[in-house]
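Below is one structure, written out as structure tokens, with a few remarks after it.
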Amino acid sequence: MFSSVLEACGRLRLMTGPKQVVTYEGDDVTFTAFEIRRGAYHDSVVLMQLQRGLIDLMGVLDAGVVMATSSNRALLTQSGLLPEGAKTASSEDLLIVIQAESKTQ
């Protein structure tokens, strides 16, 4: 399932520039994957379209695709979507977070 997420990101041309390897955090119920794109800026409309596309994928419970400003990180925290490892993202970074039913769909 996460490979299809990365393919969706590529189709929207968001997979350019420096990146951090996709990281997984999980328990017995859900998995969360995130990717930090250092210094990658994209318009909020494009980010909302990608987020909607990710949420529509089978097995995805929730997703966040935001510039990692303190306000956006706070929103992700309130919704339970900000993994510990993603807290290092800065306001100049693109943050993609996906919460899914499993790691392998």
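The values are calculated or read from the model by the stated rules, or taken from the named source; none is laboratory data. This is a predicted model, so every value here is computed, not measured. Backbone-built Cβ (ideal geometry, glycine too); neighbour counts: all protein chains shown. Side chains included, ligands, DNA and RNA excluded: accessible areas come from the protein's heavy atoms. Shrake-Rupley method; radii C 1.70, N 1.55, O 1.52, S 1.80 Å.
Return the residue satisfying two criteria in turn: it lies in segment 59-87 and is among the small types (Gly, Ala, Ser) and open to solvent by less than 40 Å² (accessible area, probe 1.4 Å), and of such residues it is farthest from Phe31 (Cα to Cα).
Ala68
Would you confirm whether any residue within segment 45-58 is surrounded by fewer than 14 Cβ atoms within 10 Å (Cβ to Cβ), at pLDDT 85 or above and within 13 Å of Ala100 (Cβ to Cβ)?
Checked segment 45-58: at least one residue is surrounded by fewer than 14 Cβ atoms within 10 Å (Cβ to Cβ), at pLDDT 85 or above and within 13 Å of Ala100 (Cβ to Cβ).
All but one of (1) over 12 Å from the mean Cα position of the chain (by Cα); (2) at pLDDT below 90; (3) on the phi < 0 side of the Ramachandran plot; (4) surrounded by 12 or more Cβ atoms within 10 Å (Cβ to Cβ) hold for Glu92; state the number of the condition that does not hold.
(2)
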